[in-house]
């Protein structure tokens, strides 16, 4: 086994061990969420990579992570590999500025020599990939998990009655997960109709049609007068009139969309998140938000206030925690969180500020506008004070949110 294969084997073994350790520490959701975020990062970089290749630009490096090289291999003119610190990834294309030193023989294939449309596409490709990934997540959620529908009423759990081994629903053969289709021939399209029919048939057998695992079953149940029943020491009802109960807790069941119907709905969901993300970015960079963050850092009581936490931006630590917690509410909620992260990162990355991709689009656009009469090359060095100021703001935002997410984590909203 040569050195490259040995390094690859060690890398794969380390990933397996790390995944097992994360699963042991935080359950299946933790390695899944971390893996999903890594896929997002590399999906972003793949967007830059594939557009650069298609545009005929030279791509010298495509790496996962930063720092020392753990494993690498060269295919053609590009070196692919993994570095030690998995805090992102990068694709290297020579000539990102006019001051970069490039071999004259390769100058024609640099970023700076590319046409304006190719520059914009290359710089925007990472954010476009976030949009693609968000659409795929939305489509998967709609077709594989579905969306809760108020017209599909299901059985979430059974209510135990004191002094009864089984309640009326259990005696009838109803099971958790069943969808109540009809009662005595009346279609059940909302919870109110179901409750009303059961209440009105105290002591009278009713025909309950349920859907279970794709099959329709006809069952017979007899609602029991709530005045004769106790739950946790309390009567279910104390009124003068009888009210029937089956002993079930109701839930709006999810309805899956067909693969074709899910396509326009996916675009609609992502579009809504797009507008929400724009508003969220404006909120994050507002003076009021920074003032609130500084106040929370200085005041633990403010940091632990649920109302303050509701609008607090989160670091990557907080995002991972919330995503893991969301898995307890169902796979659909987890997919929605990951979709929102993709959209937010994609929009944020297109802000017209270096070193973000949107900054390169802005510079290329400025050069294009100035080059109508003669070729114009922007001096990015003149923008360095603005870049440094923007990066400083990002570092302050990163440091404060990271501290708060570690020292004063947001209360689990899915508990």
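The values are calculated or read from the model by the stated rules, or taken from the named source; none is laboratory data. No experiment lies behind these values; they were computed from the predicted model shown. Every residue, glycine as well, gets a Cβ built from its backbone with ideal geometry; the counts of neighbours run over all protein chains shown.
One table, with the values for the structure above:
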{"item": "Residues (exposed (fewer than 13 other Cβ atoms within 10 Å of the Cβ) and either under 19 Å from residue 372 (Cα atoms) or at pLDDT 95 or above (or both)) located in the stretch 104-124", "result": "115, 117"}
{"item": "Sole exception among (1) surrounded by fewer than 18 Cβ atoms within 10 Å (Cβ to Cβ); (2) closer than 27 Å to residue 131 by Cα for residue 41, by number", "result": "(1)"}
{"item": "Selected residue [assigned to a helix (DSSP H, G or I) and either closer than 30 Å to residue 35 by Cα or in the same structural domain as residue 174 (by TED's automatic domain parsing) (or both)] from 291, 266, 240, 257", "result": "266"}
{"item": "Subset of the stretch 243-253 [touching a helix residue (DSSP H, G or I) at 6+ places or on another chain (Cβ under 6 Å) and assigned to a strand (DSSP E or B)]", "result": "244, 245, 248, 250"}
{"item": "Identity of the residue in the stretch 187-204, over 17 Å from residue 154 (Cβ atoms) and touching a helix residue (DSSP H, G or I) at 6+ places or on another chain (Cβ under 9 Å), that ends up surrounded by the fewest Cβ atoms within 10 Å (Cβ to Cβ)", "result": "199"}
{"item": "Long-range neighbours under 7 Å by Cβ, at least six apart or interchain, first residue outside the structural domain of residue 245 (by TED's automatic domain parsing) and touching a residue at least 40 places away in the same chain (Cβ under 8 Å) within the stretch 183-203, second exposed (fewer than 15 other Cβ atoms within 10 Å of the Cβ) and outside any loop (DSSP other than H, G, I, E, B)", "result": "none"}
{"item": "Within the stretch 229-249, considering residues that are touching a residue at least 40 places away in the same chain (Cβ under 8 Å) and surrounded by 16 or more Cβ atoms within 10 Å (Cβ to Cβ), the one farthest from residue 171 (Cα to Cα)", "result": "242"}
{"item": "Members of the stretch 13-38 found to be touching a residue at least 24 places away in the same chain (Cβ under 8 Å) and part of a helix (DSSP H, G or I), listed by number", "result": "26, 29, 30, 32, 33, 34, 36, 37, 38"}
{"item": "Scope the stretch 287-310; condition within 24 Å of the chain's Cα centre (by Cα) and without any contact (Cβ under 8 Å) to a residue 40 or more places away in the chain; matching residues", "result": "289, 307, 308, 310"}
